[in-house]
Amino acid sequence: MNMRSVSIIIFFFPLCLNARLRLAKIFSDNMVLQRDQPIHIWGGGVPGKNVRIDFGDQVAITQIEPDSTWSVELRPQKVNPDPQSLRVESAGEKIVLRNILIGDVWLCIGQSNMEWPMLREMHFKEEVENSNQHLVRFFNPAYAGKNVSGTRFTDSIARLLTINDFYKGHWQNCDSNTFKTMSAVAYYFGKQLTGEMSVPVGLINLSIGGAPLETFISPDALKNSERFSSKMDGDWLTNESLPLWTRERGTQNVEEVLNVPGDLNGKNHAYKPGFAYTSGIEPMLQMPIKGILCYQGESNAQEIERVNEYSALFALMVTDYRKRW
């Protein structure tokens, strides 16, 4: 009897969790949606059930697919600085997101120059007085292993090195508290745009200190590139086609740690080719954005081979982003 009860719990409990009504992680209170583009909303729920989406004066109803996913597309909206609510309902469940603006959304990627937070910026104390920027919103997630160098990851960090768990965060209003950990480059960029254009600006900050460009590029783009396919050969920690310093850092962090998630290209890590892409960028490709800010290069400048290939590698990333978005 006891064995049978345990079997039922193990088998069915994950399915119940997966079936619950949910939105993709990029959606939360305080977000900005891209103006003048179709508004794409997606998530998961109970297969076969209908899901209803209310946003502004629009209503959309669709059926949840057998794989538990659903997706709807709403008409574009013009700039709107007035907060709106998004309501999602299905099978007796309801999700309501509030304080949503319509404006321009920018993805911010790169290494420490982009990651550098306002708290450490030389004009931070003076800027605190200007930090309540009501038209600026942040999606500024933490990532697993941030600022851990010269040592191995703990088991708790290692468990987060999955596509679904690597980045953790939600949208925030810009104020004297939230802007402390936001990218200084991104903050000043957003502040200037809203000042000049009076358009809400959403800033998605996926930058990673020390990261090579390869982590922000699609694994498929690398694999299918005649010049750069070698970057996806075997274990990335021993792949001499990748920047040496980042491989050394990865080795310090994960080589001796058991049970680190991974695949044929080795253990997962922020610097692994394609990992920031698959865990942060790919999940939001269905969401229209205005553009991308990239502030990166130093980690690809330690060896002359990496320097000489950088312009072509960057072009590969840009071409692939434009194709997929």
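Looking at Gly250, Gly262, Gly297, Gly274, which is the one that is under 16 Å from the mean Cα position of the chain (by Cα) and small (Gly, Ala, Ser)?
Matching residue, one of Gly250, Gly262, Gly297, Gly274: Gly274.
Only one residue in Asn239, Asn205, Asn253 is farther than 24 Å from Met114 by Cα and open to solvent by less than 30 Å² (accessible area, probe 1.4 Å). Which one?
Matching residue, one of Asn239, Asn205, Asn253: Asn239.
What pairs can you find where one residue is in the range 203-214 and within 11 Å of Lys146 (Cα to Cα), the other is crowded, with 24+ Cβ neighbours inside 10 Å and among the charged types (D, E, K, R), and their Cβ atoms are less than 6 Å apart, with a gap of 6+ or different chains?
Listed pairs, sorted by first residue: Ser207/Glu115; Gly209/Glu115.
Mind checking which residues of the range 288-302 are assigned to a helix (DSSP H, G or I) and buried (at least 18 other Cβ atoms within 10 Å of the Cβ)?
The initial filter retains those residues of the range 288-302 that are assigned to a helix (DSSP H, G or I), namely 298-300.
Ser299, Asn300 - these are the residues of the range 288-302 that are assigned to a helix (DSSP H, G or I) and buried (at least 18 other Cβ atoms within 10 Å of the Cβ).
Only one of Gly145, Gly190, Gly210 is touching a strand residue (DSSP E or B) at 6+ places or on another chain (Cβ under 8 Å) and open to solvent by less than 60 Å² (accessible area, probe 1.4 Å). Can you tell me which?
Details: Gly145 fails: touching a strand residue (DSSP E or B) at 6+ places or on another chain (Cβ under 8 Å); Gly210 fails: touching a strand residue (DSSP E or B) at 6+ places or on another chain (Cβ under 8 Å).
On inspection, the qualifying residue turns out to be Gly190.
Among the residues of the range 25-56, which ones are in a loop (DSSP other than H, G, I, E, B) and under 22 Å from Val201 (Cα atoms)? I'd like the intermediate steps shown before the answer.
Narrowing the range 25-56 to residues in a loop (DSSP other than H, G, I, E, B): 25-31, 35-38, 45-49, 56.
Within the range 25-56, Lys25, Ile26, Phe27, Ser28, Asp29, Asn30, Met31, Arg35, Asp36, Gln37, Pro38, Gly56 meet the criteria.
Taking the conditions exactly as written (closer than 27 Å to Thr154 by Cβ, among the hydrophobic types (A, V, I, L, M, F, W, C), modelled with pLDDT of 95 or more and not in a strand (DSSP E or B)), does Leu242 satisfy them or not? Before you say what the answer is, go through the steps one by one.
Details: closer than 27 Å to Thr154 by Cβ: yes; among the hydrophobic types (A, V, I, L, M, F, W, C): yes; modelled with pLDDT of 95 or more: yes; not in a strand (DSSP E or B): yes.
In short, yes.
Say whether the condition of being of a type in the set (Phe, Trp, Tyr) and part of a strand (DSSP E or B) is met by at least one residue in the range 272-280. Show your work before the answer.
So the first thing to find is which residues in the range 272-280 are of a type in the set (Phe, Trp, Tyr), and the list is 275, 277.
This time we only want the ones that are part of a strand (DSSP E or B), so: none.
Checked against the condition, which is being of a type in the set (Phe, Trp, Tyr) and part of a strand (DSSP E or B), the range 272-280 yields no hits at all.
Tally the residues that are farther than 29 Å from Leu242 by Cβ and either free of Cβ contacts under 8 Å to residues at least 24 places away in the same chain or open to solvent by 10 Å² or more (accessible area, probe 1.4 Å) (or both), restricting the search to the range 160-180. Quick ask: steps written out before the conclusion?
Applying the first criterion (farther than 29 Å from Leu242 by Cβ) to the range 160-180 yields 170-180.
Applying the additional criterion that residues be either free of Cβ contacts under 8 Å to residues at least 24 places away in the same chain or open to solvent by 10 Å² or more (accessible area, probe 1.4 Å) (or both) yields 170, 172-173, 175-178, 180.
Looking only at that region, the number is 8.
Among Glu309, Glu226, Glu305, which is the only one that is more than 30 Å from His40 (Cβ to Cβ), outside any helix (DSSP H, G or I) and more than 24 Å from the chain's Cα centre (by Cα)?
Details: Glu309 fails: outside any helix (DSSP H, G or I); Glu305 fails: outside any helix (DSSP H, G or I).
Testing whether each residue is more than 30 Å from His40 (Cβ to Cβ), outside any helix (DSSP H, G or I) and more than 24 Å from the chain's Cα centre (by Cα) leaves just Glu226.
Taking the range 83-102, which residues are crowded, with 22+ Cβ neighbours inside 10 Å and in contact with a Ser or Thr (Cβ under 8 Å, 6 or more places away or on another chain)?
Ile100
The values are calculated or read from the model by the stated rules, or taken from the named source; none is laboratory data. Bear in mind the structure is a predicted one, so any value in this text is a computation, not a measurement. Counting neighbours? That spans all protein chains shown, and the Cβs are built from the backbone with ideal geometry, glycine included. Side chains included, ligands, DNA and RNA excluded: accessible areas come from the protein's heavy atoms. Shrake-Rupley method; radii C 1.70, N 1.55, O 1.52, S 1.80 Å.
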